[in-house]
Amino acid sequence: MKNLHLFCIIFLLSTTSFAQVADSSFALPEVSIVETIRSSELENELWNSESSKLNPTGDLAKLLSQKGVAFIKSYGLGSLATSSIRGGNANHTLVLWNGLPIQSPMLGQLDLSLLPLNSVDAIGFEKGGNSALWGSGAIGGVISLNPSIHFNKKLSASYLSSKGSWGQAQHQGYLKVGNDRVQSQTKFLFKKAENDFFYEPVPGVEARQQSNAALRQGNFFQDLSLRLKSGQIGLHYWHQNSYREIPPTNVQNSSQAYQEDLSQRLMIDMEVKKGNLLIGSKAAIFNENLNYFDPQILLESPSNFRTYLGEFNLDINGLRAHQFMLGTTWRSTQAWSKGYQESPSESRQSVFGSWKWEGDKLEAQANIRQQWIDFKPVPITPQIQLDFSPVPVFHIKLKASRNYRLPTLNDRYWVPGGNPDLRAESGYSQELSLSFNKADAAIFSKISLTAFNRNIKDWILWGIQPGENFWSANNLAEVWSRGLEFRYNKKAMFGKIQMELNAGYDLTYSTNQVGLYLPRIPEGSQLFYTPRHQGFATLDWNMNSFSLGFRYNHVGQTGGILISEIPAYHIGNLNGAYEFSSKSIEALAFFEVNNLWNQQYFVIERRPMPGINYQLGLKFTFTKKN
Amino acid sequence: MRQSLLLFILIFSLVQAQNLANFEDISLPQDSFLNGSQSNVNGYRSGNFFFPVTYDAPNFSWSGWSISNKTDTLTAGFTNQYSSITGGGFGGSSNYAISYGLNLTDFSQQANILKFEGDALGQPVRGFQITNSTYAYLSMKNGDQFAKRFGGVDGNDPDFFLLTIKGYFNGMLTADSVDFYLADYRFADNTQDYIVDEWTFVDLSSLGNVDSLSFSLNSSDTSSFGFNTPAYFCMDNLESATPSSNNPAFASERISLYPNPSRNFVMVSSSRSNSLDLSLWSVDGKLLMQKDNFLSGSKLNISDFPAGTYLLKVRDGDQVISKKINKF
């Protein structure tokens, strides 16, 4: 209750000061919210709901993999999926919903397979260290899930239904209604699957059928936005309920385990522009349950956490070429689990600031953050970056930063093995990016090469220590990650035909710099489940109402904790869509063929992945302009 | 005379009991266990043997030896870590010991030990009865989320779960060690693969005179974090040698048959001799097979005989021991 009071006070303090700017006049001027320093850092758009016809039923894990943003560590179709960006681990990718982190404070990570693309309107990302701007966990990259509100007098409704292999089915829809002052957006999504695919355990061994892999997931979203005279206020709610069975490994006879994830996320945000000032504030409550059951071993492991978050930003623009930003965040969490002796709580506070200068050919930016965890300071976190364009078609970007990740509640308090004295993982990263682009009336092309380097000390690992007979968390490792990222993009128009090619290759070395006895990790060895080589290519083709897309992914050999070599694999997917409309109704028919050449592969050893599979669907959208 | 005989029997029984750890002298409520969590407990005594246990109260974790009479042979997983796969102690007894210790293959040996005391101190050790815990047995048989089903994907992986026992006397390692496979899937013929699911005698007489024993486990199912097979086994009836070791009752225990019942083969082992003379008899007295100079620890092929009960006579030195074989 104390947390709730604090939550209300922070939000009200940050909003009431500007409430008087709201005007009840109906003749509202068009508001142009200036891009903030932080939002401009996430402007690389991965996906948006309006332009993406080819992937309307996907999830974030699949999107990140296909777009070459991250290596996705998947435990199987519909199972846990986490990301590794630039050789980091799952805790090193920060995922934001409307600008606030939604990682579990107990685990420090987020299951990306639980995030349907339908949950948001746009997804942005920024690779590399960004802790100065975004805080703990922004080491490998930041993924941003954002709603997109358009104040217009339209009523639109949509319904999508799809069917696929192994009992996959999805139903989703939305209702958007409003005017130039108020907008409401209601969405739902329900999906299910049996996922009882056949797989070949090893070459030459008779195919087996996966079992205990069913999935049921429901989502409900509600966005309410009110436009003010010089800003807007929004209310966002996301309810998710998921039931997933945990399939057996390929060397396990059967499994009866299952997991329930229940989350409720409520957020209020406000943006007000007054002169050169842009004031933003957010307050949120996240309440989540993760319940794991395994009747075979009589295991019941329910857990819950409740987090209160508050954030306040002040951006100052228009001082010639300078922009400034100051901000503060506050977060309080309490968690419950059988694995904790008591119900641990944790508070985190931070202040941060930023300066940006934009010249004709040069942009410079400096960011800094100070964070406290339970009122103990974390080392101060600076970041600088330069963007130089000697000629309009050529860009050089330099970035250097200190980054960190705070230990999770499980790292600190789990019994046995939690370690309250853990230090934050921290280190420095640098990157240099060169890009060249060329555009004319019909063709746009861009080519870029990025080199990065990162050292992280006090890397937290769970393992058995000499003299102990249980796993415990310790600041054991030091990891050096470095690599090259090549990207090529070409868009062309040939009459009515539009084509876009995206291709990329990542070379990633992410090595343990300290040889460890327990767990057994030799000095200089590549991190587990971290491919050195990754490549992707996507080709999208569009003519009139037809769209066709081909996605190819190559993941090089990785090492696992059970076997030293998990073989490389190549996956190809084909997507197609046909759009047709009649007056106010638009219809979209789409299909998807995944794993075209029926590759038998593993991302994690002993966890088989599915072969070729299909999906067909229809989407209807009704729009009425008032 | 009668009083002297009674006194002799009493003393003989007492000495024998003191050199036998059958854990029935430890008081346990029904379907329960002792794992060192009681205050000021650093181990348990049975007969002239001491079984150390370490309990880490803040982490609810133990290692060493627990004493149990739990009988659950069906529930998999660590929630059933205190049960034997036989559902009780040796010979239908109630209590038995469970050893648990993370023995980290190749890169750390954290062996469990037990100590000899009193009359057993420095005596030759005879051996003990062993079987798998329910947790380890079901993990090897069925696999779990962490450990593999033995045999692997196609049943051909040469998996094993091995216990190595070493003896010490005055802090010095004795010359020999004894290996016992709690599971062995290394046979070319997969029908011979087995996981121990009965109480089986482990002969330790080759260790000689000892005052302590160490037990370390090793498994073929390993990861960078150690081995995945649950590091448990169950013990009962640990004996140190006494002058009564030539007693026919003990002689019978020198010969072990495994597996029994069996379909195709039985491994015949003697704790005393390398070479045995065997004869297999039907229950109606017909000689079915005879093998002289049979190597102890080798397999006796019984696949040609119909299902039923047979009598195996084993000449071990100057003694002939008869044991039943059940074929299915």
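The values are calculated or read from the model by the stated rules, or taken from the named source; none is laboratory data. Everything quoted here is computed from the prediction, not taken from an experiment. For neighbour counting, all protein chains shown are included, and Cβ atoms are generated from backbone atoms with ideal geometry for every residue, glycine included. Accessible surface is based on the protein model in full, side chains and every heavy atom, while ligands, DNA and RNA are left aside. Shrake-Rupley method; radii C 1.70, N 1.55, O 1.52, S 1.80 Å.
Go through segment A:79-87 residue by residue and turn each phi into a ³J(HN,Hα) via Karplus (6.51, -1.76, 1.60, θ = phi - 60°); whole Hz please, and just put x for glycine and proline. Working through the residues one at a time gives 8, 3, 9, 10, 10, 10, 10, 6, x Hz. Across segment A:129-144, rounded Karplus estimates of 3J(HN,Hα) from the backbone phi angles (6.51 cos²θ - 1.76 cosθ + 1.60, θ = phi - 60°) give x, 9, 5, 5, 8, 10, x, 4, x, 7, 9, x, x, 10, 10, 10 Hz, Gly and Pro being marked x. Measuring heavy-atom accessible area with a 1.4 angstrom probe and counting protein chains only, the residues of segment A:474-519 that give up at least 30 Å² relative to the chain alone are A:TYR517, A:LEU518, A:PRO519. Between A:TRP541 and A:SER161, the C-beta separation translates, for a Förster distance of 25 Å, into a calculated FRET efficiency of about 0.50.
Stretching A:ILE563 away from A:TRP372 to a fully extended chain increases their span by 64.8 nm, per 0.36 nm per residue minus the current alpha-carbon distance. Only aspartates and glutamates eight or more places from A:LYS491 in sequence, or on another chain, were considered; those with a Cα closer than 14 Å are A:ASP440, A:GLU500, A:ASP540. Taking amide hydrogens as placed 1.01 Å from N in the peptide plane, the amide H of B:ASN228 sits under 5 Å from those of B:ASP221, B:THR222, B:SER223, each at least 5 positions away in sequence or on another chain. Under 5 Å from the amide H of B:GLY43 lie the amide H atoms of B:VAL53, each residue being 5 or more positions distant or on a separate chain, with H modelled from the backbone and absent for Pro and chain starts.
Put simply, the Cα atoms of segment A:76-145 extend 34, 26, 23 Å along their principal axes, the longest span coming first. Per residue, chain B exposes an accessible area of 44 Å² to a 1.4 Å probe, with every protein chain left in place. Pairs with C-alpha atoms separated by more than 25 Å, drawn from the list A:LYS153/A:LYS496; A:LYS361/A:LYS399; A:LYS361/A:LYS438; A:LYS73/A:LYS397, are A:LYS153/A:LYS496; A:LYS73/A:LYS397. Would you mind pulling out the separation of the Cα centroids of segment A:230-276 and segment A:400-464, in Å? Segment A:230-276 and segment A:400-464 have Cα centres spaced 23 Å from each other.
Each 10 Å bin from zero up to the one holding the largest Cα-Cα distance in the protein assembly as shown carries the following percent of pairs: 2, 10, 18, 20, 17, 12, 9, 6, 4, 2, 1, 0, 0.
What is chain A's relative contact order, in percent, from Cα pairs under 8 angstrom and six or more apart in sequence?
This gives 11 percent for chain A.
Between A and B, buried accessible area from a 1.4 angstrom probe totals roughly 3100 Å², ignoring ligands, DNA and RNA. In segment B:133-175, comparing the full protein assembly with the chain on its own, the residues that lose 10 Å² or more of accessible surface at a 1.4 Å probe are B:ASN142, B:GLY143, B:ASP144, B:GLN145, B:PHE146, B:LYS148, B:ARG149, B:VAL153, B:ASP154.
Net charge near A:GLN172, counting Lys/Arg +1 and Asp/Glu -1 over other residues with Cβ under 10 Å of its Cβ?
Numbers: positive: A:LYS187, A:LYS191, A:LYS619; negative: none.
Residues near A:GLN172 contribute +3 overall.
The magnitude of the dipole of the protein assembly as shown, with charges of +1 and -1 set on the Cβ of Lys/Arg and Asp/Glu and taken from the Cα centre, is near 2780 debye.
Working out 0.36 nm times the residue gap between A:PHE470 and A:LEU298, then minus their Cα-Cα distance, what length gain in nm do you get to one decimal? Before the final figure, lay out the partial values.
On the way: separation 172, 0.36 × 172 = 61.92 nm, distance 2.02 nm.
Using 0.36 nm per residue and subtracting the Cα-Cα distance, I get 59.9 nm.
In segment B:135-278, what percent of the accessible surface is made up of carbon and sulfur (1.4 Å probe, ligands and nucleic acids excluded)?
Working: 2480 of 5170 Å².
Whole-percent figure for carbon plus sulfur exposure: 48.
For segment A:117-178, the ratio of Cα radius of gyration to the globular rule of thumb 2.2 N^0.38 Å stands at 1.63. Over 26 Å between Cα atoms, which of A:LYS154/A:LYS583; B:LYS299/B:LYS324; A:LYS53/A:LYS229; A:LYS67/A:LYS282 qualify? Where the Cα-Cα span goes over 26 Å, the pairs concerned are A:LYS53/A:LYS229; A:LYS67/A:LYS282. Remark on segment A:404-418: accessible area falls by at least 30 square angstrom from chain-alone to full-complex state for A:VAL415, probe 1.4 angstrom.
Across segment B:86-91, rounded Karplus estimates of 3J(HN,Hα) from the backbone phi angles (6.51 cos²θ - 1.76 cosθ + 1.60, θ = phi - 60°) give 7, x, x, x, 5, x Hz, Gly and Pro being marked x. The label point for B:LYS291 and the one for B:LEU74, both projected 7 Å from the Cα toward the Cβ, are 3.8 nm apart. For B:ILE321, the residues 5 or more places off, or on other chains, whose built amide H falls under 5 Å of its own are B:VAL314, B:ARG315, B:ASP316.
Please give the net charge around A:PHE444, taking every other residue with its beta carbon less than 12 angstrom from that of A:PHE444, where Lys and Arg add +1 and Asp and Glu add -1. Please report the intermediate quantities before stating the final value.
Details: positive: A:LYS438, A:LYS446, A:LYS490, A:LYS491; negative: A:ASP440, A:GLU500.
Charge balance near A:PHE444 sits at +2.
Counting only protein heavy atoms and a probe of 1.4 Å, the accessible surface of segment A:404-458 is 57% carbon and sulfur. Computed from the C-beta positions of A:VAL514 and A:LEU386, the FRET efficiency with R₀ = 30 Å rounds to 0.40.
Near A:LEU406, within a Cβ-to-Cβ distance under 15 Å, what is the net charge of the other residues, with Lys and Arg +1 and Asp and Glu -1? Working shown, then result.
Values: positive: A:ARG331, A:ARG348, A:ARG369, A:LYS376, A:ARG402, A:ARG405, A:ARG412, A:ARG423, A:LYS457; negative: A:GLU346, A:ASP374, A:ASP411, A:ASP421, A:GLU425, A:ASP458.
That works out to +3.
Accessible surface calculations at 1.4 Å, restricted to protein heavy atoms, place segment A:570-611 at 42 Å² per residue.
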